[in-house]
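Undergrad: I'd like to ask you about the structure that follows.
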Amino acid sequence: MPLSAADPLSIGQLARRTGVTVSAIRFYEEKGLVQPSRNAGGQRRFKRADVRRISFILIAQQLGLSIREISDALAALPERRTPTQADWARISVALRDRLDRQIEDLTRMRGRLDSCIGCGCLSLKACQLYNPQDRLSRLGAGPHIGIADPPG
């Protein structure tokens with residue numbers, strides 16, 4: 001018998017519908033990203049809106065958002081009703097700003113790939129400009145000029 005739109009989903013049904021593993025759904029539950037109810041037998045039951053929530057999680061992870069950032073974004077969504085287009089639009093504005101910053105950082109990094117990466121040191125000539133007398137060595141091992149930090 002086919003499920004109606006009002007029927008809750010089991011964890012297996014949600015996994016099949018979203019393409020994620022049951023263990024991933026349990027992880028998302030542990031992190032508070034989805035909040036199933038329990039039936040009389042103690043089995044998890046998910047709202048159909050959780051398909052969208054998990055889809056959002058997967059897309060956000062592809063964009064490089066951390067679980068904490070995803071959790072913060074999802075906290076703006078209603079728990080007991082299906083999110084509306086306006087709910088998702090509010091979230092997308094904040095994510096768009098974060099994505100724009102990420103694009104700017106990646107563009108800066110791409111521009112530095114040919115010259116210097118964090119003064120580790122790849123070019124003695126460039127380091128005479130960005131790191132004279134190897135002054136960054138006082139900070140310890142590893143790169144010390146980050147993506148957003150201007151050299152020099």
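Undergrad: Regarding L77, is this residue at pLDDT 85 or above, closer than 30 Å to A15 by Cβ and in the same structural domain as G19 (by TED's automatic domain parsing)?
TA: no
Undergrad: Follow-up. So the check is Cβ under 8 Å with 6+ separation or different chains; which pairs have a first residue in segment 1-24 that's at positive phi and a second one that's modelled with pLDDT under 95 and of a type in the set (K, R)?
TA: Hits for this filter: zero, empty list.
Undergrad: Anything in segment 24-49 that is surrounded by 14 or more Cβ atoms within 10 Å (Cβ to Cβ) and among the hydroxyl-bearing types (S, T, Y)? List them, or say none.
TA: Across segment 24-49, the qualifying residue is only Y28.
Undergrad: Determine whether R68 is more than 27 Å from R26 (Cα to Cα), surrounded by fewer than 15 Cβ atoms within 10 Å (Cβ to Cβ) and in the same structural domain as E30 (by TED's automatic domain parsing).
TA: Values: more than 27 Å from R26 (Cα to Cα): no; surrounded by fewer than 15 Cβ atoms within 10 Å (Cβ to Cβ): yes; in the same structural domain as E30 (by TED's automatic domain parsing): yes.
Taking the combined requirement at face value, the residue does not satisfy it.
Undergrad: Return the residues of segment 9-23 that are surrounded by 15 or more Cβ atoms within 10 Å (Cβ to Cβ) and in contact with a helix residue (DSSP H, G or I) (Cβ under 9 Å, 6 or more places away or on another chain); say none if nothing qualifies.
TA: L9, I11, L14, A15, R17, T18, V20
Undergrad: Take R52 and tell me if it is surrounded by 14 or more Cβ atoms within 10 Å (Cβ to Cβ), under 30 Å from D105 (Cβ atoms) and of a type outside the set (D, E).
TA: yes
Undergrad: Sticking with this one: Hey, among R17, R96, R110, R90, which residue is assigned to a helix (DSSP H, G or I) and at pLDDT 90 or above?
TA: Residue meeting the stated conditions: R17.
Undergrad: Could you run through segment 89-100 and say how many residues are surrounded by 11 or more Cβ atoms within 10 Å (Cβ to Cβ) and out of contact with any helix residue (DSSP H, G or I) (no Cβ under 6 Å at 6 or more places or on another chain)? Outline the logic, then answer.
TA: First, the residues of segment 89-100 that are surrounded by 11 or more Cβ atoms within 10 Å (Cβ to Cβ): 90-92, 94-95, 98-99.
Now drop any that are not out of contact with any helix residue (DSSP H, G or I) (no Cβ under 6 Å at 6 or more places or on another chain), which leaves 90, 92, 94-95, 98-99.
Within segment 89-100, residues that are surrounded by 11 or more Cβ atoms within 10 Å (Cβ to Cβ) and out of contact with any helix residue (DSSP H, G or I) (no Cβ under 6 Å at 6 or more places or on another chain) number 6.
The values are calculated or read from the model by the stated rules, or taken from the named source; none is laboratory data. As the structure is a computational prediction, the values presented were derived from the model and not from experiment. Glycine gets a Cβ as well: all are built from the backbone with ideal geometry, and neighbour counts include every protein chain shown.
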